[in-house]
Amino acid sequence: GKLVDGTEFDSSYGRGEPALFTPRDMIRGWQIVLPLMAEGERWEVVIPSELGYGAAPVGEKIPSHSTLVFEIHLLEVDPKFEGFEMIKM
């Protein structure tokens, strides 16, 4: 992910391995976007502050009230995973 000014704060590509998440561990913006994606799709999404971290800064890399930009490549949804349906509200 990066800030709108291009400052990168995290990259699974840079780490060389995909990130794994469960719905309860995601920011609300991701909880809204991921159910709209099909496996294999790659989207760039802009998450406004209120659907990201809001007024809470995250470490030194994400200031409060930050709009976040992510390139999401949804590789796979584990068919055994229970809980993804909770974010399809």
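The values are calculated or read from the model by the stated rules, or taken from the named source; none is laboratory data. In this text, all values refer to a predicted model and were calculated from it rather than measured experimentally. We work out accessible area using only protein heavy atoms, side chains counted, and drop any ligands, DNA or RNA first. Shrake-Rupley method; radii C 1.70, N 1.55, O 1.52, S 1.80 Å.
Some observations on this one:
- Probe 1.4 Å, protein heavy atoms only - accessible area per residue of the chain in square angstrom: 70
- Normalised by residue number, the volume inside the convex hull of the Cα atoms of the chain is 102 Å³ per residue.
- Relative contact order of the chain: 35 percent, from C-alpha pairs under 8 Å at least 6 residues apart in sequence.
- Solvent-accessible area of ASP10 with every protein chain in place, 1.4 Å probe, in Å² to the nearest 10: 70
- Computed on protein heavy atoms with a 1.4 Å probe, the accessible areas place VAL69, VAL58 in the order VAL58, VAL69, largest first.
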